[in-house]
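Okay, so here's the structure we're looking at.
A short reminder: the numbers here are calculations on the coordinates, not readings from a lab. What you are looking at is a predicted structure, and each value in this text was computed from that prediction instead of being measured. Cβ placement follows ideal geometry from the backbone for every residue including glycine, while neighbour counts extend to all protein chains displayed.
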Amino acid sequence: MRGTGQGRIPCPLHFLNGLGNCMSKTLDTLWYTHSPVPTGLGIAVESGRLAEAFRPYGTNIQALRESSDREIREAHFDHHLDNSVRHGGNTPAIWAKASGKNTRVLGLSWTDEVQLILTTPESGVKTIRDLRDRRFGIPKWANVQIDFGRAQALRALENALQLEGLNIGDVELVDYPYGGKHSDEQIRHVFGAQIALKSTQGKRRNNELIGLLRGDIDAIFAKGAHAVQLADEFGLHVVIDTGSHPDPMVRSNIGTPRTLTVDQHMLDEHFDAAALIVETVLRAEQWAWSHADETRRFLARELNTSEYFVAAAYGEDAHRRLVTRLEEKSLLALQDLTYFLHRHHFIERAFDVRDWVDARPLEAVLDKTRLAI
């Protein structure tokens, strides 16, 4: 439908499909998911902006991670559902693409966060070079499609070691096993906070942290607000924060950059909906830029931590770092991460990430709405 004549739904994006069409095909249900980290989609969801944007069209907005069906929850990681959008860590998104899922990247956000290699004061490990021939605890999930926890720890360790001319072979990796699947816990958002509704595993422990505190290993990896909190609570020594290194390739990891992805079916059948998602994400981020306190409180709820640790992990300007675009730095980092995951056998094949990108929705939104860059 076109325009806002009598009996017609107002169209907030008159330029959709490049033809001025407004929701030419009804999207019955939009599945969404976002990682519990700073993302524009997360703010759009929790503030009600995503539901509000699609309300005029009668689209049912459904959260993947709130489903009672584990198969649906698993789509957060493997992106197997049509008409779904995901904004979060790049490693599951890369794995899904490499495994044959027909997805496209609509945008990349880069929010630097602390990425800490931690030891105890008693370990004697003070610098990166001290890690040579030491024992590094690393998670190993038995039943997951993509072990992103292991991948992010290995990435940070490799990046740190290379700064001193070392490699992974110079460190003894000690596996800490976990059972079940990442989606075993059903998650629901209540007033912005995440709660577990169901778990087949009980409360998850940080097995590597326990090993470190017992003295069984010499170092572990942790990132984000919880890493700062762990270091503070247990008096741990920070060997290095790769997340604050001046080289963006050293900082690149599962969350730098984060991928905003949809399935190809949505682009083919509901391009206007994909563009509306992008616009809603960008508008949520633009709101965050001028609402520092509210954004910090939202991120604290999202991460289930305090505003203090949010600021420590993401910076006092965390609200300004919520920017989804397709910057060259992000594309180069995403490509490098794809090679990394292939080199360490997390994915079977590498691919050209530029072929994975569909810039049309972002370009349309930026061109027609003149949102600030």
Between R370 and N167, what length comes free when the chain is fully extended (0.36 nm per residue of separation minus the Cα-Cα distance, one decimal in nm)? 68.5 nm
Once you wrap a convex hull around the alpha carbon atoms of the stretch 252-332, what is its projected area averaged over all directions, in nm²? 6.4
Quick one: which residues, 5 or more positions from Y178 or on another chain, have an amide H under 5 Å from its amide H? H modelled 1.01 Å from N in the peptide plane, none for Pro or chain starts. K140, W141, A142
Mind giving me the nanometre distance, one decimal, between the label points for H265 and H342, set 7 Å out from Cα along Cα→Cβ? 2.8
For the pair I210 and E122, how long in nm is the line joining their label points, each one 7 Å along Cα→Cβ? 1.8
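Please compute the net charge surrounding S123, taking Lys and Arg as +1 and Asp and Glu as -1 over other residues with Cβ under 15 Å from its Cβ. Working shown, then result.
Working: positive: K126, R129, R132, R134, R135, R214; negative: E122, D130, D133, E172, E208, D216, D218.
Local net charge: -1.
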Could you give the nm distance between label points at R297 and E316, where each point is 7 Å from its Cα heading toward the beta carbon? 2.0
Would you mind working out the magnitude of the charge dipole of the chain relative to its Cα centre, with +1 at each Lys and Arg C-beta and -1 at each Asp and Glu C-beta, to the nearest 20 Debye? 600
Where Rh denotes the Kirkwood radius from the mean inverse Cα pair distance, what is Rg over Rh for the chain? 0.98
If you restrict to DSSP beta bridges whose two residues both lie in the chain, what percentage is antiparallel, to the nearest 5? 60
Here the longest stretch of the chain that holds no trypsin sites (Lys or Arg not before Pro) in a DSSP loop having at most 14 other beta carbon atoms within 10 Å is 206-348
If unit charges are put on Cβ atoms (+1 for Lys and Arg, -1 for Asp and Glu) and the dipole of the chain is taken about its Cα centre, the option from L236, T29, N207 lying farthest towards the positive end turns out to be T29
Candidates V45, V125, V281; GNM for the chain (alpha-carbon contacts under 10 Å) flags as most fluctuating V125
Where in the stretch 264-373 are there chymotrypsin sites (Phe, Trp or Tyr not before Pro) that are in a DSSP coil and have at most 16 other Cβ atoms within 10 angstrom of their Cβ? F351
